Structures are given as C-alpha cells and as structure tokens.
Amino acid sequence: MPSWQPSVLDTTVTGGWAVAHCKQQFLCDSNGVLFPREWLKKQDLPVIAEHGIGHFGDDAVYVLELKDCVDLPGLGWQGLRRYMLESDIDTYKMLGYASQIGIWAREHRFCGGCGEATQQVPGERAMSCELCNIRHYPRISPSMIVLVTRGDEILLARSPRYVPGMYSTLAGFVEPGESAENCVRREVREEVALSVDNIRYMGSQCWPFPHSMMLGFHADYADGEIIIQEDEIEDARWFDVRSLPPLPASRSIARYLIDSYVATRLGLPQPVLPN
Ligand SMILES: NC(=O)c1ccc[n+]([C@@H]2O[C@H](COP(=O)([O-])OP(=O)(O)OC[C@H]3O[C@@H](n4cnc5c(N)ncnc54)[C@H](O)[C@@H]3O)[C@@H](O)[C@H]2O)c1
Ligand SMILES: [Mg+2]
Ligand SMILES: [Zn+2]
C-alpha cells in the first residue's frame with residue numbers, strides 16, 4: 001500500500017490525482033476515490049475550492065470541495081466513517097486530511113473579519129485577507145477523552161447517537177481558558193457527576209469528524225455516585241474488565257484507552273495507538 005504524506009501543492013500546476021469531497025462524503029467508483037485530476041475537473045461538478053493536499057505514494061493529490069453531493073452516472077458517494085472503519089490506514093489518513101481541508105476551504109472562502117473574498121497563500125495552508133492583513137488557518141478543536149477506572153471496573157457511557165448497545169469513554173471539547181486536565185475534571189463532573197484524581201496523559205489522535213484533536217487521558221475514580229447528564233448521555237455504568245459491552249471501533253483512541261487498561265489488568269500484551 002502506498003503511504004500518505006501531506007504537503008501544500010501548487011494548484012496552478014496541472015496533472016496528478018484528485019478526490020471530490022462534500023460534507024464528509026467522497027465521490028467514488030469501483031477503483032476507489034482517486035480520479036485523474038484533469039478528467040475530474042472536466043466533469044459537471046460544482047467545485048467551490050481546490051487545494052493540493054499531498055502525496056499518496058508518488059502521486060500528487062488534490063481535493064476538490066463541492067457545493068453539493070451531486071449525482072454523476074456510474075459514480076457514488078461514500079462517507080469518511082466507512083473509510084475509518086474499513087480501509088487501510090494511509091487511505092483513511094489521506095481522506096481524513098482531505099475532509100478537514102475541504103471543510104475548512106468551504107468555510108473560509110470569505111474573511112470572517114470583513115466579508116471580502118480570501119486568497120490561498122502560496123506554499124502555506126492558509127487563506128489570507130489582504131484588507132485585514134490576517135491569515136485564516138485550518139481549525140482544529142482540542143477535545144479530551146478519558147477512561148475513568150476503579151480497580152477492575154471501568155466507567156463507560158452511551159450517547160443516544162451511538163449504535164445500539166455500544167458504550168464508550170467520556171469525551172468533550174476543551175473550552176476557552178481551560179487546560180486539558182481541567183476539561184477532563186469538568187466533563188466528568190458534568191456528564192456523570194463524579195470526581196476524578198491522578199489524571200495522566202495517554203496519547204493523542206487526530207479525529208477528523210469534523211476537526212477534533214483528541215487528547216487521551218486515564219483517571220482514577222475519586223468520589224461520587226453516577227448521575228447522568230440526560231441531554232448528552234442516556235446511560236453510564238461501571239463495567240468489569242472481564243465483561244465489557246460492545247466497544248468503539250479499534251481505530252479510535254477510545255478503544256485504545258479501554259484495551260490498554262484491560263491489557264494491564266489481565267496481563268495481556270499492550271495495544272498500539274493507531275495514528
Ligand atoms: N476518537 C475517539 O475515540 C472519540 C470518542 C468519543 C468522542 N470523540 C469525539 O470527541 C469530540 C467531543 O465529544 P462529545 O461529542 O462528547 O463532546 P461534548 O461532550 O463537548 O458535547 C458535544 C457538544 O459540544 C458542543 N460543541 C460542538 N462542537 C464544539 C467545538 N468545536 N467546541 C466546543 N464545543 C463544541 C455542542 O454543543 C455539542 O452538542 C467529538 O468530536 C467526538 O466525535 C472521539
Ligand atoms: Mg461528551
Ligand atoms: Zn478581512
């Protein structure tokens with residue numbers, strides 16, 4: 001499998017390969033998502049932005065951001081989540097990156113300060129506004145995710161958005177003025193009314209749904225009884241490491257945090273954080 005290497009490519013150079021993206025979906029056919037770029041640009045597509053995003057093996061790759069997910073004969077659309085679950089890691093990384101750049105390009109065609117059209121900065125992943133003399137960079141939203149444990153028990157919760165039966169670790173976005181550790185304390189308190197101690201950093205993961213940076217932690221239960229925050233969570237419980245419910249996808253940091261603790265308690269080999 002070719003490997004994926006992001007970089008900023010000049011869109012005035014012709015040739016290479018391209019993906020067409022719209023709302024976390026990719027245009028595809030039976031060969032996949034990469035199309036000869038010049039061919040793709042000749043199709044009847046509502047392109048609103050184009051960025052050169054890097055190399056897949058030796059091939060230069062561009063993303064065409066489309067206004068709508070239009071139907072083309074013989075072609076379909078496939079969501080990023082499906083690639084996260086089913087494709088090789090380099091294809092998933094390429095498409096996660098393409099999706100983040102596509103969404104950012106869509107949302108930064110005009111300056112938020114003055115409303116004028118922005119321009120791509122050559123050689124940099126930025127849109128500039130000459131009137132305001134500012135640059136708009138891709139947005140990344142730091143989020144914490146935490147596995148809370150109490151001896152052989154781990155705390156898992158269900159959001160109403162999850163597939164039936166699945167439970168996962170607690171997560172939430174870092175707010176202005178907050179450290180990642182304070183975010184861990186606040187989210188655990190808000191979502192399940194527990195307090196935690198001994199918060200330690202476990203690793204991070206880009207989570208392109210749509211632009212999160214997951215900061216993974218492990219924390220010990222300190223105090224309190226579970227009271228769920230009903231608008232975000234429909235159930236939360238302590239599970240014994242020997243009898244766990246259906247868990248998140250193996251590529252997620254949520255799953256890594258769980259597998260790592262289970263491995264420690266049961267004396268199994270440690271998992272590797274997929275990145
Ligand atoms: N990779 C993983 O293993 C994994 C697992 C669980 C959650 N996540 C991700 O973690 C992130 C946070 O999880 P959550 O949904 O529980 O968050 P959360 O507990 O903060 O609740 C979501 C709410 O946060 C607000 N919000 C949305 N976008 C925001 C932003 N950019 N900044 C601040 N607030 C925002 C909205 O009100 C939204 O309803 C999500 O992107 C989710 O997909 C990743
Ligand atoms: Mg949450
Ligand atoms: Zn401006």
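Key figures
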| quantity | calculated |
| --- | --- |
| Those residues of the stretch 173-185 which are touching a strand residue (DSSP E or B) at 6+ places or on another chain (Cβ under 9 Å), more than 27 Å from ARG125 (Cα to Cα) and away from ligand 1 (no atom under 11 Å from the Cβ), in sequence order | GLU181, VAL184, ARG185 |
| Odd one out for LEU147, checked against (1) open to solvent by less than 10 Å² (accessible area, probe 1.4 Å); (2) without any contact (Cβ under 8 Å) to a residue 24 or more places away in the chain; (3) under 19 Å from the mean Cα position of the chain (by Cα) | (2) |
| Pairs where the first residue, in the stretch 18-29, is more than 15 Å from ILE48 (Cβ to Cβ) and the second is among the small types (Gly, Ala, Ser) and modelled with pLDDT under 95, C-beta under 9 Å, 6+ apart | ASP29/GLY74 |
| Selection status of THR118, more than 16 Å from ligand 2 (Cβ to nearest atom), under 30 Å from GLU181 (Cα atoms), surrounded by 18 or more Cβ atoms within 10 Å (Cβ to Cβ) and at pLDDT 95 or above | no |
| Within the stretch 1-110, helices (runs of 4 or more DSSP H) holding 2 or more residues that are exposed (fewer than 14 other Cβ atoms within 10 Å of the Cβ) | 37-42, 80-86 |
| Residues of the stretch 159-172 classified as more than 9 Å from ligand 1 (Cβ to nearest atom) and buried (at least 19 other Cβ atoms within 10 Å of the Cβ), total | 1 |
| Residue in the stretch 138-149 that is modelled with pLDDT of 95 or more, touching a Ser or Thr at 6+ places or on another chain (Cβ under 8 Å) and away from ligand 2 (no atom under 16 Å from the Cβ) present | yes |
| Selected residue (criterion: farthest from ligand 1 (Cβ to nearest atom)) from residues of the stretch 131-144 that are touching a residue at least 12 places away in the same chain (Cβ under 8 Å) and more than 25 Å from the chain's Cα centre (by Cα) | LEU131 |
| Single match in ARG200, ARG255, ARG265, ARG242 (criterion: more than 16 Å from ligand 2 (Cβ to nearest atom), at negative phi and touching a His at 6+ places or on another chain (Cβ under 6 Å)) | ARG200 |
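The values are calculated or read from the model by the stated rules, or taken from the named source; none is laboratory data. Small disclaimer: the values here were computed from a predicted structure and weren't measured. When we count neighbours, we look across all protein chains shown, and the Cβ atoms used for this are built from the backbone with ideal geometry, even at glycine. Side chains are part of the model used for accessible areas, which takes the heavy atoms of the whole protein and leaves out ligands, DNA and RNA. Shrake-Rupley method; radii C 1.70, N 1.55, O 1.52, S 1.80 Å.
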